[in-house]
Amino acid sequence: MSQTSGLLDELEGTVQGHRDGHGFVARDDGAPDIYLPPNEMRAVLHKDRVKVRIVRSDRKGRPEGRVVEIIERSKQPIIGRLLHESGVWLVAPEDKRYGQDVLIPKGATSVAKPGQVVVVELVEPPALFGQPVGRIKEVLGEVDDPGMEIEIAVRKYSVPHEFSQACVALSRSLPDKVRPQDKQGRVDLTDVPLVTIDGEDARDFDDAVYCEPATRGRGRAAVKGWRLLVAIADVSHYVETGSAIDVDAYDRATSVYFPRRVIPMLPEKLSNGLCSLNPEVERLCMVCDMFVTDAGVVEAYQFYPAVMWSHARFTYTEVAAILGNTRGPEAAKRKERVADLLNLHGVFQSLLKSRQQRGAVDFETTETQIVCDENGRIEKIMPRVRNVAHRVIEEAMLAANVCSADYIAQSKHPGLFRVHEGPTPEKKEILRNYLRAIGLGMTISDEPTPGEFQAIAVATRDRPDAQQIHSMLLRSMQQAIYTPINSGHFGLAFEAYTHFTSPIRRYPDLLVHRVIKAVLDKKRYLLPTLPTPGEAHAKLSRRLEKGLAAKGEPVSSKARKPTAEGVAWQAAGLHCSANERRADEASRDVEAWLKCKYMREHLGEEYAGVVTSATSFGLFVTLDAMYVEGLVHITELGGEYFRFDEARQELRGERTGTRYAIGTRVRIQVSRVDLDGRKIDFRLVHEGDGLLGRNPSDRDTVREPKMRKAAPERFDVDAGSGSPSARNAARPRKGAERAIATSKKVARKRK
């Protein structure tokens, strides 16, 4: 296509607003975004669907567009604070990507008072010479009310947080305990000492485990190993396909976890009661019964519905203490279960051999836990310690998930797999360049295996820059998704993988249970009628098509002439994947809010930290004591020009040669906090700096920073969030180019 025809083309996409007034259009075809200058953003809002025409390239070489048609206005409500200025009522959106305040007519303020957080419904869209007009449909309360950050997040990300009346009524009609008729056709496992092992604050128990030594075969052909039972709550017995509870569960697709609050996928009567494997009560379950060899190979397995009785509720801390000292006080309290726990540890060690043999990626990452007081204020932020008990349960769940995927694949029945593909060509090239730049004598091949990544991680574990190297390995990964097309799980090094073990909190697991039951009964499970895929689904669809194109495969090669059933399963996978992202974003947003409120109390204070990311516009630093991340903007690095080295992922001063890379130790001062934008600004403290503490009265005027979300996107090898975190998608705050140019002049003058 010629440049002229490209300029005349009209392209469709979704508006992505920016805090500084400009915006971008995310194109439907997956091509690079189109820049919209502030004047083009006057008549549109964040998330509007538009048709644009590329008119020129801006000074950065980006395609610049003009909006020629507004296809569809976003129906998302706007959350913000009600203001009364010079006799005019307006709402300042909490999400600054909207870029414009919303005018509220005098009669449309409802019972809201100035300063309160409200939900606004637009009645008139913005125009070139007029602001949007709306009416207040809900008053959430004061900005400092306990839990306000969660109320904002669930509406901001459209997280369903109220069950329908039909769902509530149906859940009330369910029995309070297992009835005799519920046990028909089930294996009685009540005498098997199954136990649950979860966190101290867990309220719903999906899984129970039991293990004993076993031998398969006789004589010289006998194979020693373990019989491992993984019993999972049988949610599908109570949640029928297409029922009111099922409709609400599908809409949510996952439970959403916030500090001090959970928005469950299922009503509490099911999630914490009838389906939860609580101790010393009968519960219905689906069992994966496996024979695991001493080498960690699952040689045989079977699935069956059962009724169980949990013989104990353990915590991870308790089990780790017992395994560490079988004669200690914790073991003395649970002496009848100590042998069973040792058996579980034995099968874990066998499964660990298999993991190492496969070359599965095994990076140790630090997850944090926010501890709040009764008023919702952060008391402390502490790391989640992952002990041996966590790993015992993790390996048992992985084994059951692999068996589930194999069972579905062998049956030829459609279902959802958990797919984690290898790095894209672009990410492979970036990683290779980085490994070459740091002089590491190891790299990855054109078709890398998980073992190659793990080998690099193991070989560099004791290097001073190990954190930087492991971070780059993680960022080269893609995110895992749910799809009916199985292409394996790269990170875990499985040919087929799915989710079977958490049907209380994940809808894909519930679907897997239904498919397994249908295969056992020699029937076919049919999905109910599902909603039409929306914007999030479209994004994931484009990503899948782009992935196939990168492999040199035709987009339609995997599913030529898809049947209605195939389309339904694809839609279900996209829906669950998109809502998983939504839940993660809402959780991160709340954590970022809480951390910002926490750091407002520490303005002007100094802390030690480590660089966790280097970008063209600055450094992201995580504090040692608080596990809070903030930005040191490039203008705060000193009076010289710093150049970003993409290969080395570092900023280097042209005059002094000073380098800042991932893993660099620094000392910072907390300089700004932007609660509305969830941003924290730091400034570097150099030796000999005489820093003055910030006046506490400045804490109420902290809305200037323009930086990315404070909470980074985490990598979970199963969740697969290995794509570049949001920090790399952030853009320099306003004036960055001017500041860089100034520092360059200073450097030249000094030379």
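The values are calculated or read from the model by the stated rules, or taken from the named source; none is laboratory data. Note that the structure is predicted; figures quoted are calculated from it, not measured. Please note: Cβ atoms are built from the backbone with ideal geometry, for glycine as well, and neighbour counts cover all protein chains shown. Remember, those area values only see protein heavy atoms, side chains included, never the ligands or the DNA or RNA. Shrake-Rupley method; radii C 1.70, N 1.55, O 1.52, S 1.80 Å.
Things worth noting here:
- For region 313-329, the candidate set comprises residues that are more than 31 Å from the chain's Cα centre (by Cα) and surrounded by 19 or more Cβ atoms within 10 Å (Cβ to Cβ); within that set, the residue that is farthest from A399 (Cα to Cα) is I322.
- Residue count for region 376-417, restricted to those that are surrounded by fewer than 23 Cβ atoms within 10 Å (Cβ to Cβ) and under 30 Å from L594 (Cβ atoms): 17
- Filtered by the rule that a residue be among the β-branched types (V, I, T) and in a strand (DSSP E or B), region 648-672 gives V666, I668, V670.
- Residue ID - surrounded by the fewest Cβ atoms within 10 Å (Cβ to Cβ), chosen from residues in region 471-499 that are out of contact with any helix residue (DSSP H, G or I) (no Cβ under 6 Å at 6 or more places or on another chain) and over 30 Å from R514 (Cα atoms): S471
- Matching residues, region 516-525, being among the β-branched types (V, I, T) and surrounded by fewer than 24 Cβ atoms within 10 Å (Cβ to Cβ): V519
- Residue satisfying all of: in region 645-690; of a type in the set (D, E) and within 30 Å of I152 (Cα to Cα); modelled with the highest pLDDT among these: D681
- Residues satisfying the stated conditions in region 452-481, i.e. of a type in the set (D, E) and either under 23 Å from the mean Cα position of the chain (by Cα) or more than 17 Å from R432 (Cα to Cα) (or both): D462
- Reported count of residues in region 220-255, each being farther than 22 Å from V292 by Cβ, open to solvent by 50 Å² or more (accessible area, probe 1.4 Å) and either touching a strand residue (DSSP E or B) at 6+ places or on another chain (Cβ under 7 Å) or in a strand (DSSP E or B) (or both), is 1.
- Flag: P180 does not match the condition of being touching a His at 6+ places or on another chain (Cβ under 6 Å) and of a type outside the set (V, I, T).
- Pick from region 113-132, criterion closer than 14 Å to R81 by Cβ and assigned to a loop (DSSP other than H, G, I, E, B), ranking: most open to solvent (accessible area, probe 1.4 Å): K113
Residue-by-condition table, conditions (1) among the small types (G, A, S); (2) more than 27 Å from P528 (Cα to Cα); (3) modelled with pLDDT of 95 or more:
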position: R220; (1), (2), (3): no, yes, no
position: R227; (1), (2), (3): no, yes, yes
position: D234; (1), (2), (3): no, no, yes
position: P267; (1), (2), (3): no, no, yes
position: L270; (1), (2), (3): no, no, yes
position: C275; (1), (2), (3): no, no, yes
position: N278; (1), (2), (3): no, yes, yes
position: E282; (1), (2), (3): no, yes, yes
position: V287; (1), (2), (3): no, no, yes
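- Index of the failed condition, L270 passing every other in (1) aliphatic (A, V, I, L, M); (2) open to solvent by 30 Å² or more (accessible area, probe 1.4 Å); (3) in contact with a Ser or Thr (Cβ under 8 Å, 6 or more places away or on another chain): (2)
- The single condition among (1) open to solvent by 60 Å² or more (accessible area, probe 1.4 Å); (2) in a loop (DSSP other than H, G, I, E, B) that R135 does not satisfy is (2).
Residues checked against (1) outside any strand (DSSP E or B); (2) among the basic types (K, R); (3) open to solvent by 20 Å² or more (accessible area, probe 1.4 Å):
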{"site": "Y35", "(1), (2), (3)": "no, no, yes"}
{"site": "V50", "(1), (2), (3)": "no, no, no"}
{"site": "R53", "(1), (2), (3)": "no, yes, yes"}
{"site": "K60", "(1), (2), (3)": "yes, yes, yes"}
{"site": "I70", "(1), (2), (3)": "no, no, yes"}
{"site": "A92", "(1), (2), (3)": "no, no, no"}
{"site": "V111", "(1), (2), (3)": "yes, no, yes"}
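- Meets criteria (assigned to a strand (DSSP E or B), surrounded by fewer than 19 Cβ atoms within 10 Å (Cβ to Cβ) and under 32 Å from the mean Cα position of the chain (by Cα)) for Q76: no
- Residue in region 172-198 that is farthest from R227 (Cα to Cα), counting only those that are in a loop (DSSP other than H, G, I, E, B) and open to solvent by less than 20 Å² (accessible area, probe 1.4 Å): V178
- Counting the residues of region 344-373 that are open to solvent by less than 30 Å² (accessible area, probe 1.4 Å), at pLDDT 95 or above and more than 30 Å from E421 (Cβ to Cβ) gives 2.
- Residue check, D101 loosely packed, with under 13 Cβ neighbours inside 10 Å, touching a residue at least 24 places away in the same chain (Cβ under 8 Å) and among the acidic types (D, E): no
- Filter pass, D362 being over 30 Å from L623 (Cα atoms) and in contact (Cβ under 8 Å) with a residue 24 or more places away in the chain: no
- Selected residue (criterion: nearest to V361 (Cα to Cα)) from residues of region 428-463 that are hydrophobic (A, V, I, L, M, F, W, C) and in a loop (DSSP other than H, G, I, E, B): I444
- Residue in region 150-162 that is over 15 Å from L90 (Cβ atoms), without any contact (Cβ under 8 Å) to a residue 60 or more places away in the chain, open to solvent by 20 Å² or more (accessible area, probe 1.4 Å) and over 29 Å from the mean Cα position of the chain (by Cα) present: no
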